[in-house]
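Asker: Next up is a structure, given as structure tokens.
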Amino acid sequence: MIKFTVFGEPVAQGRPRATTINGKVRMYDPAKSKNFKEYVRLVASQNRPPELLTGPLVMSVIVFKPVLKSFSIKKVAAAEGGELRPVTKPDVDNYVKGIKDALKSVIWKDDSQVVDLLVSKYYSQNPRVEITIQQL
């Protein structure tokens, strides 16, 4: 089992941007998404297995978004206790897209190997993403 934590505010995968260079369309990631992927890749490389994982994988991602400044002390306590969960955008799958892309060629050969995926969103005063990967 591989388990690691990416500290800092989680960033969801943004929509790809397009530009035209010499009459050809070029697609690229928004800067915020690209930077977050590089950070995830760096943290993952410190926890990588001796060889890239092959075969089916199970992945768990727990996203801890920052507590909103508008929250009262009572709401902050409820959020920290897991009673108050974020139901706002971005969607959980948008967080996972960037993380899975970042782990390609670091933890596994291809993100299509993930056959079982559990994603959760919580609030925390310590924003982070906790990632667990196991072979099936």
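Asker: I need the P(r) histogram for segment 1-77: all alpha carbon pairs, bin width 10 Å from 0 out to the longest distance, whole percents.
Answerer: Taking all Cα pairs of segment 1-77, the binned fractions are 13, 30, 30, 20, 7, 1 percent.
Asker: Mind ranking 112-120, 61-69 by how tightly packed they are, going by the mean number of other C-beta atoms within 10 angstrom, highest first?
Answerer: Output ranking for 112-120, 61-69: 61-69, 112-120.
Asker: On to the next question. Considering only protein heavy atoms and a 1.4 Å probe, what is the carbon-and-sulfur percentage of the accessible area of the chain?
Answerer: Accessible surface attributable to carbon and sulfur in the chain totals 51 percent.
Asker: A further question on this structure: Percentage of Cα-Cα pair distances in the chain greater than 25 Å, rounded to whole percent? All intermediate terms of the calculation are to be shown ahead of the outcome.
Answerer: Values: 3069 of 9180 pairs.
Here the long-distance tail beyond 25 Å is 33 percent of all Cα pairs in the chain.
Asker: I need the calculated FRET efficiency for the pair Met27 and Asn47, taking r as the beta carbon distance and R₀ as 30 Å, to the nearest 0.05.
Answerer: 0.50
Asker: Right, something else. Find the accessible area per residue for segment 1-83; the probe is 1.4 Å, ligands and nucleic acids are left out, and the unit is Å². If you can, show how the numbers build up before the last one.
Answerer: Details: 5670 Å² over 83 residues.
Computed with neighbouring chains in place, this is 68 Å² per residue.
Asker: Provide the solvent-accessible area of Ile73, counting protein heavy atoms only and rolling a 1.4 Å probe, rounded to the nearest 10 Å².
Answerer: Ile73 has an accessible surface of roughly 150 Å² with all protein chains in place.
Asker: Using only the Cα atoms of segment 60-123, each taken as one equal point scatterer with no solvent, compute I(q) by the Debye sum, divide by I(0), and report log10 of the ratio at q = 0.14, 0.18, 0.21, 0.22 Å⁻¹.
Answerer: At q = 0.14, 0.18, 0.21, 0.22 Å⁻¹ the computed log10 ratios are -0.51, -0.71, -0.84, -0.89.
Asker: Sequence neighbours fewer than 8 away in the same chain don't count; with that in mind, list the lysines whose C-alpha is under 30 Å from Lys65.
Answerer: Within the straight-line limit of under 30 Å, Lys65 reaches these lysines: Lys3, Lys32, Lys34, Lys37, Lys74, Lys75, Lys89, Lys97, Lys100, Lys104, Lys109, Lys121.
Asker: Count charges around Arg17 for me, please; just the other residues with Cβ under 13 Å from its Cβ, Lys/Arg as +1, Asp/Glu as -1. Spell out each step's value before the answer.
Answerer: Numbers: positive: Arg15, Arg26, Lys32, Lys34; negative: Asp29.
Around Arg17, the charge tally is +3.
Asker: So what's the net charge close to Lys37: Lys and Arg +1, Asp and Glu -1, counting the other residues with Cβ under 11 Å from its Cβ?
Answerer: Counting the neighbours of Lys37, the net charge comes to +3.
The values are calculated or read from the model by the stated rules, or taken from the named source; none is laboratory data. Because the structure is predicted, anything quoted here is derived from the model rather than measured. Neighbour counts are summed over all protein chains in view; Cβ atoms, including those assigned to glycine, are modelled from backbone coordinates with ideal geometry. Accessible surface is based on the protein model in full, side chains and every heavy atom, while ligands, DNA and RNA are left aside. Shrake-Rupley method; radii C 1.70, N 1.55, O 1.52, S 1.80 Å.
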